[in-house]
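To start, the structure itself, in structure tokens.
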Amino acid sequence: MSFGQRKLWEMIKRLPEEWEVPGYGLCWVVALMGNKVIFYDHFEEGFVRSSWSQYGVVDRYQSGDDLGTAV
């Protein structure tokens with residue numbers, strides 16, 4: 001990570017916490033940034049982002065999202 005990326009990560013990271021993805025089950029959320037979450041997608045085995053509007057619930061599953069564009 002660059003210095004800027006690391007600084008941002010330090011501001012948004014959190015201890016992994018299980019959140020619900022409606023219709024898919026639970027996932028591990030690792031970061032919050034405004035109305036976005038970064039979570040581990042165990043179906044595609046990678047980290048992706050999505051929106052959230054209720055704490056503990058990811059609004060929708062988005063496969064194939066590139067974490068490189070998340071921050």
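Any read-out appearing in this document is the output of simple, stated calculations on the displayed coordinates, not a laboratory observation. Everything numeric here is computed off the predicted structure, so don't read it as measured data. Every residue, glycine among them, receives a Cβ derived from its backbone with ideal geometry; neighbour counts consider all protein chains shown.
What net charge do the residues around G25 carry, taking every other residue with its C-beta under 12 Å from that of G25, with Lys and Arg at +1 and Asp and Glu at -1? Let's see the in-between values first.
On the way: positive: none; negative: E18, E20, D41.
Result for the neighbourhood of G25: -3.
Amide H to amide H under 5 Å from G46: which residues, 5+ apart in sequence or cross-chain, H placed 1.01 Å off N in plane?
Residues meeting the amide H criterion: D41.
If one takes the longest principal axis of the Cα atoms in the chain, at what angle in degrees, from 0 to 90 and to the nearest 10, does the Cα axis of helix 3-12 lie?
Once rounded, one gets 40 degrees.
For the stretch 35-47, what does the Karplus curve 6.51 cos²θ - 1.76 cosθ + 1.60, with θ = phi - 60°, yield as ³J(HN,Hα) per residue in whole Hz, taken in order and with x for Gly and Pro?
9, 10, 10, 10, 9, 8, 8, 6, 6, 9, 6, x, 9
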